[in-house]
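Quick notes on the structure that follows.
Values quoted throughout were computed directly from the atomic coordinates according to the rules given, and no laboratory measurement underlies them. Everything numeric in this text was worked out from a predicted model, so none of it was measured. Backbone-built Cβ (ideal geometry, glycine too); neighbour counts: all protein chains shown.
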Amino acid sequence: MSSVKAGLKLEVKRGTFTFRVKRYDPKTGGYRWSEYKVEVTNRQTVLDALLKIKSTQDATLAVRYSCRMGICGSCAMIINGVPRLACETKPFELGTDVITIEPLSNFKPIKDLVVDMDEFFEKHKSVKPWLIRRDEREQFEKLDSYYVQTEEQLINYLEFAYCIKCGACYSACPMVFLNKNYLGPQALAAAYRWSADNRDEGYVLRLKVIDSDNGVWSCHYSGTCSKVCPKGADPALAINLLKKSLLTGKPPAR
Amino acid sequence: MISMVAKSTLMKWHYITGLILVVVLGIHLAFRWPSYEASIQWSGPHGVYEQLLNIGYMAAIFILLYAATYHAMNGLRTLLLELHQGRYWNTAVNVVIIALGIFIVIVGTVALVGALQVI
Amino acid sequence: MTEKLATKRNPPKWSLWLRGLDEWLLIFQKVSGAILAIYLIGHTLVISTALGFGHPSQLTWDRVIGLIEGPRVVGVAHVGTIIEYLIALLAAVHGANGVRLILMQYFGLGLPKPERRTYPMIPSPRKSPQLVYKYLVIAVVIVFIILASYVAFVG
């Protein structure tokens, strides 16, 4: 991203790009390609282009989106072969005249670019991604002071808390492709994020799910998940730290 | 039966035997210096008979046998199970791997112990 | 939400994995591991046979090893020498990469400490400790090739 220096005039350039969209058709159960030519400026994103297609050319194109600013995680799709957020990718910065858009891989498609995130969220839920205290009622009925956390304790897990559950890492992981029951980088990074939080006391409850063939041990460090994460949440690092805890028997850093 | 041991215990030993293997395999390969051909002749300098006499080297070979068997069998099991071909496949892999492992350990131990008698 | 979809998952983008070194190392580790495991079975059987299953003698040894090694092909090296040389090379790369994985996952060496996010965001596989590791692996393998070539073909 270029930084804006005071006094620098930013030029608005326009260009026409061809968008080749791979669409899933639920009636036939197959895919087809649609091509659209759209004029966009150098400040518009792929999501802007897709919405422009929906409003001016083809209203049947199904796209999931919400915040349009990279925080909700709804618009993840494969753009020019790499899973990215459509609202954070600019056609001018991709460098090609033809932009190929496909629905996320490793997910079941519903229609066009929309995929079914149920399995992804089920796996996320299975690691219990919430604060667990020994006394279950403490947080809700008996809490009379706050949980103390120093800056060092915060930094232990902060990076992994930036995850917006967009599914790009799940889509990029080759082990998710090979093992249908693999939890996936997002669920494991979430397991680490909660286990490394000093306020949480539920690490042992998550162990059974993490320490299994479908948990951490299906990861073989291809590193693709971290390379595509739009928020820099680095799931590969979280999984390696989890493996270190499991192998040495010491709970994650507090 | 395998699931009674936590996967992390199996993998911990996989990594420990891996590190041990780097050392003992290094020794095993280092004994080929300076000439591979000479080290596979029975008699002569750097020959097999001389290697059998070297107690430290033979200890390393024993360790090599057991560590390599565990590491190789666990590794094979992991990669075969990750092909995910169903329940019968999984049971078959477990049975064959354990049988192979026991077979290699027995054959190797018999041969090595017998070889030690000769010196 | 929706009923269980009977559809199949979207196929993966192979191009994403073809240009990453880590992905190739993953495949290499598994394939070389399988080859080495099969070699282990063969090697144990051959050496145990050559040692006479507990009754070693020079005659058995010479006969079995002579059979296995095959004729001389390159200088002093036999067919068997070449095969063992290649296997040793596979073991060296498998081992060097394996040590890198073990140091990372057991001891946490080379894993960057989580820190506050800075821009540009660099994922941990691209940070410098990982690059140091990979260059070390390459250096170890090159040294190994030099030594092994001397031992096999010249010695």
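May I ask you to list the trypsin sites (Lys or Arg not before Pro) in the range A:110-144 that are in a DSSP loop and have at most 13 other Cβ atoms within 10 Å of their Cβ? Don't skip to the answer; put the middle values down first.
Numbers: sites: A:Lys111, A:Lys123, A:Lys125, A:Arg133, A:Arg134, A:Arg137, A:Lys142; in loops: A:Arg133, A:Arg134, A:Arg137.
Answer in residue order: A:Arg134, A:Arg137.
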Average beta carbon contacts from partner chains per residue of C:112-118, 10 Å cutoff: 6
Expected output is a single nm value to one decimal: the length gained when fully extending between A:Arg199 and A:Lys54, i.e. 0.36 nm times separation in residues minus the C-alpha distance. What is it? 47.6 nm
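For B:66-74, what's the mean count of beta carbons from other chains sitting within 10 Å of each residue's beta carbon?
On the way: counts 0, 0, 5, 4, 0, 5, 8, 3, 1.
Going residue by residue through B:66-74 and averaging, the value is 3.
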If one compares the long axis through the Cα atoms of helix B:55-81 with the longest principal axis of the Cα atoms of chain B, the angle in degrees, nearest 10, works out at 20
Taking the Cα centre of the protein assembly as shown as the origin and placing charges on Cβ (Lys, Arg +1; Asp, Glu -1), which of A:Ile99, C:Ser149, A:Val228 is farthest toward the positive end of the dipole? A:Ile99
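Within the set A:Lys125/C:Lys134; A:Lys123/C:Lys13; B:Lys7/C:Lys8; A:Lys128/C:Lys113, which residue pairs have Cα atoms separated by over 26 Å?
Values: A:Lys125/C:Lys134 36 Å; A:Lys123/C:Lys13 22 Å; B:Lys7/C:Lys8 30 Å; A:Lys128/C:Lys113 24 Å.
With Cα atoms farther than 26 Å apart: A:Lys125/C:Lys134; B:Lys7/C:Lys8.
Per residue, how much space in cubic angstrom lies within the convex hull of the C-alpha atoms of the range C:59-155? Kindly include the intermediate steps, with their values, before the conclusion.
Numbers: hull volume 11.8 nm³, N = 97.
Hull volume normalised by residue count: 122 Å³.
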Please quote Rg/Rh for the protein assembly as shown to two decimal places, taking the Kirkwood radius as Rh and restricting both calculations to Cα atoms. 1.06
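Tell me the volume per residue, in Å³, of the convex hull enclosing the alpha carbons of the range A:19-129. Could the numbers behind the result be given before it?
Numbers: hull volume 12.1 nm³, N = 111.
Roughly 109 Å³ of hull volume per residue.
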Assign one of three labels to the range A:155-254, namely rounded, prolate or oblate, based on the Cα gyration tensor with a ≥ b ≥ c the square roots of its eigenvalues; rounded applies when a/c is under 1.5, prolate when it is not and a/b is larger than b/c, and oblate otherwise. oblate
Quick check: net charge around C:Ser149, other residues with Cβ under 15 Å of its Cβ, Lys/Arg +1 and Asp/Glu -1? -1
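First check a/c for the range A:117-167, with a ≥ b ≥ c the square roots of the eigenvalues of its C-alpha gyration tensor; if it is under 1.5, answer rounded, and if not, answer prolate when a/b is larger than b/c or oblate otherwise.
Numbers: a/c = 3.23, a/b = 1.38, b/c = 2.35.
It comes out oblate by the Cα gyration axes.
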Hypothetical label at A:Gln153: residues of the range A:117-145 whose amide nitrogen lies under 20 Å (7 Å Cα-Cβ projection): A:129-145
Total charge dipole magnitude, the protein assembly as shown, about the Cα centre, Cβ charges on Lys, Arg, Asp, Glu only, Debye to nearest 20: 1500
Considering only A:Phe177, A:Tyr157, A:Trp217, whose Cα is most displaced toward the positive end of the charge dipole of the range A:141-232, charges sitting on Cβ of Lys, Arg (+1) and Asp, Glu (-1)? A:Phe177
How far is the Cα center of the range C:95-155 from the Cα center of the range A:170-207, in Å? 25
Using only the Cα atoms of the range C:28-78, build the gyration tensor, take square roots of its eigenvalues as a ≥ b ≥ c, and label the shape rounded, prolate or oblate: rounded if a/c is under 1.5, else prolate if a/b is larger than b/c, else oblate. oblate
Charge tally in the Cβ shell below 10 Å around A:Leu246, where Lys, Arg are +1 and Asp, Glu are -1, A:Leu246 excluded: +4
Crossing angle, helix A:185-195 versus chain A [Cα axis fit, 0-90 degrees, rounded to tens]: 40
Placing +1 at every Lys and Arg Cβ and -1 at every Asp and Glu Cβ, with all other atoms neutral, what dipole size does the range A:97-254 have around its Cα centre, in debye to the nearest 20? 380
Working from Cα positions, state the angle (0 to 90°, nearest 10) between the long axis of helix C:58-69 and the longest principal axis of chain C. 50
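Within the range C:1-58, list the trypsin sites (Lys or Arg not before Pro) lying in a DSSP loop whose Cβ has at most 11 other Cβ atoms in a 10 Å radius.
Details: sites: C:Lys4, C:Lys8, C:Arg9, C:Lys13, C:Arg19, C:Lys30; in loops: C:Lys4, C:Lys8, C:Arg9, C:Lys13, C:Arg19.
Here the trypsin sites (Lys or Arg not before Pro) that fit, given the DSSP loop and packing criteria, are C:Lys4, C:Lys8, C:Arg19.
Inside 10 Å of the C-beta atoms of C:98-104, what's the mean count of C-beta atoms belonging to other chains? Can you show the working numbers first?
Working: counts 8, 5, 1, 6, 7, 2, 4.
What the average comes to for C:98-104 is 5.
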